[in-house]
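As C-alpha cells, the structure follows; a few thoughts come after it.
The values are calculated or read from the model by the stated rules, or taken from the named source; none is laboratory data. This structure is a prediction, so every number in the text was calculated from the model and none was measured. Cβ atoms come from the backbone with ideal geometry, glycine included; neighbour counts cover every protein chain shown. Accessible surface areas use protein heavy atoms only, side chains included; no ligands, DNA or RNA. Shrake-Rupley method; radii C 1.70, N 1.55, O 1.52, S 1.80 Å.
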Amino acid sequence: LAADPERAEAWATLGQLLILTGRFAEAQQATERAFEADPWLSDAENILFQLCGTAMERGNVADVDRYCAEAYRRYPTNPSVVFLQLWVPAILARVDGRAIDIDSLWRIVDAHLATVPDRERDSWRISDRMVVAGLIAQAGRPDSARAVLRRARADWSSVETAEAAYMWQYAEAYTLLRLG
C-alpha cells in the first residue's frame with residue numbers, strides 16, 4: 001500500500017487480515033477502499049461478501065442493505081453470497097427492529113441449496129436449517145424453532161464431517177442462545 005495506495009488487491013488483502021484480528025471497522029474501511037478502487041476486480045465476489053459480512057459484524061444496517069443487496073444482485077448463484085442472505089434478517093431484526101419473514105427464509109434456503117454442489121447439499125441443508133431455527137426463535141416462535149432444530153439434528157449423524165460439524169455447532173449455538 002505504501003508503494004501503490006490505489007492497488008485494490010492490496011486493500012482487499014488488508015481487509016481480510018483485519019477481519020482475522022477482529023478489527024471489523026478497519027476491515028470495512030480497507031475493503032471499501034478496494035471496492036472503490038476497482039468495483040469489478042476479479043475478486044469482487046469475495047470483496048462484496050467481505051463488505052456484507054463486516055457490515056453484519058458491526059451491525060451497520062445501511063451497509064448491510066447496501067453491500068448484501070449488491071452482492072446478491074451481482075452474484076445470485078454464489079453459494080457463500082446466498083448463504084449470507086440467511087443471516088441478513090437476524091441483523092436487521094436485532095439492530096433495526098425489522099420483522100423476520102419466516103417464509104422468505106425457506107425461499108433463501110431453497111435458493112442456497114440450488115447453488116451448492118450435489119455432494120455438499122445434505123451438509124448445507126443441515127446448516128441452513130440450524131440457522132433458520134435460530135431466526136425462528138429470534139422471531140418469537142420457540143416451539144417452531146425447536147422442531148426445526150430437532151429435524152436438523154436428526155440428519156446430523158448421516159452426513160457429519162469435521163468442517164460440517166463446525167458449521168453446525170456454530171449455527172446450533174446461535175439457535176440455543178436465541179432459545180435462552
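Quick rundown of the values:
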| item | result |
| --- | --- |
| Selection status of Ala71, touching a residue at least 24 places away in the same chain (Cβ under 8 Å) and buried (at least 19 other Cβ atoms within 10 Å of the Cβ) | yes |
| Residue tally, condition open to solvent by less than 40 Å² (accessible area, probe 1.4 Å) and more than 28 Å from Arg121 (Cβ to Cβ), over region 33-53 | 3 |
| Scope region 56-66; condition surrounded by 14 or more Cβ atoms within 10 Å (Cβ to Cβ) and under 15 Å from Asp96 (Cβ atoms); matching residues | Met56, Arg58, Gly59, Asn60, Val61, Asp63, Val64, Asp65, Arg66 |
| Residues of region 91-103 classified as open to solvent by 30 Å² or more (accessible area, probe 1.4 Å) and in a helix (DSSP H, G or I), total | 4 |
| Residue, modelled with the highest pLDDT, within region 143-161, restricted to residues that are over 20 Å from the mean Cα position of the chain (by Cα) and among the aliphatic types (A, V, I, L, M) | Ala147 |
| Any chance Leu18 is surrounded by fewer than 19 Cβ atoms within 10 Å (Cβ to Cβ) and in contact with a helix residue (DSSP H, G or I) (Cβ under 8 Å, 6 or more places away or on another chain) | no |
| Residue within region 75-90 that is surrounded by fewer than 16 Cβ atoms within 10 Å (Cβ to Cβ), at pLDDT below 90 and either small (Gly, Ala, Ser) or touching a strand residue (DSSP E or B) at 6+ places or on another chain (Cβ under 8 Å) (or both) present | no |
